[in-house]
Amino acid sequence: MMDRLASLAALFDPRGRLSRRSYHRRLIVMLLLFVVFGSVAILTASLDARFAGLAIVGVTFAGTAAFLVVATIRRLHDRGRTGWWILPDVVVTLAGFAPIETFADAYPLPVIAATLAMTGFNLWFFVETVCRRGTPGPNRYGPEPKR
C-alpha cells in the first residue's frame, strides 16, 4: 500500500526530468480522463444533479491541471530550462480568456499585436515542450530520462 502511495506521490513531484515520449503519454492520458469525467459530469448534470456534475468537473480539472503542471515542469527540466518557464505560459493562457475583442474597434492594432504575441508565445512553448528532444546526457536537473 505504501509503495502505491509513494508511486502516486512521485507523479506529483516536479523534480527531475521527463522524456518527450513520456510527456506525450501523460498528455494523452489526461486528455482522455478529462473527456471521460467530463462526459460523466454532463450525464450527472442531466439527471438533475447539477451540483454533483460541477463538483466532478471541478475536481477533475484541478487534478488534471496539477498533474499536467508537474509533468510540464519536468519536461522543461529535460529541455534544460527552469520550471518557472511555465509561469509565462499560464499567464498568456489565462490572458487568452480576457475579453480583448471588446477593445478591437477602438484599439485594433494593440489588440492584433497582443493576439499575435500570445499566439507566438504559445506556439514557442508548444514546440519547446512537445516537439523538441531533451538535452542529451545529464543536465543540472538530473540524468537523461529513459524512454
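For the subset of the range 96-132 comprising residues that are under 20 Å from residue 68 (Cβ atoms) and surrounded by fewer than 10 Cβ atoms within 10 Å (Cβ to Cβ), which member is modelled with the lowest pLDDT? Per the criteria, the residue is 97. Within the range 44-63, the set of residues being surrounded by fewer than 15 Cβ atoms within 10 Å (Cβ to Cβ) and under 16 Å from the mean Cα position of the chain (by Cα) comprises 58, 59, 61, 62. Taken across the range 137-146, residues that are part of a helix (DSSP H, G or I) and touching a residue at least 60 places away in the same chain (Cβ under 8 Å) do not occur at all.
Just one residue in the set 26, 17 is surrounded by 18 or more Cβ atoms within 10 Å (Cβ to Cβ) and assigned to a helix (DSSP H, G or I); that residue is 26. Within the range 1-43, the only residue that satisfies the criterion of being modelled with pLDDT of 90 or more, over 18 Å from the mean Cα position of the chain (by Cα) and not aliphatic (A, V, I, L, M) is 39. In the range 64-92, the residues that are surrounded by fewer than 20 Cβ atoms within 10 Å (Cβ to Cβ) form no Cβ pair under 6 Å with any partner that is modelled with pLDDT under 95 and among the basic types (Lys, Arg), whether six or more places apart or across chains. The condition of being under 27 Å from residue 145 (Cβ atoms) and part of a helix (DSSP H, G or I) holds for only one of 41, 71, 113, 55, that being 71. Scanning the range 117-134 for residues that are basic (Lys, Arg) and part of a helix (DSSP H, G or I) yields nothing. Here 40, 36, 29 are screened, and the one residue that is in contact with a helix residue (DSSP H, G or I) (Cβ under 8 Å, 6 or more places away or on another chain), at negative phi and of a type in the set (Val, Ile, Thr) is 40.
The values are calculated or read from the model by the stated rules, or taken from the named source; none is laboratory data. This one's a predicted model, so the numbers in the text were calculated from it and none came from an experiment. Neighbour counts are summed over all protein chains in view; Cβ atoms, including those assigned to glycine, are modelled from backbone coordinates with ideal geometry.
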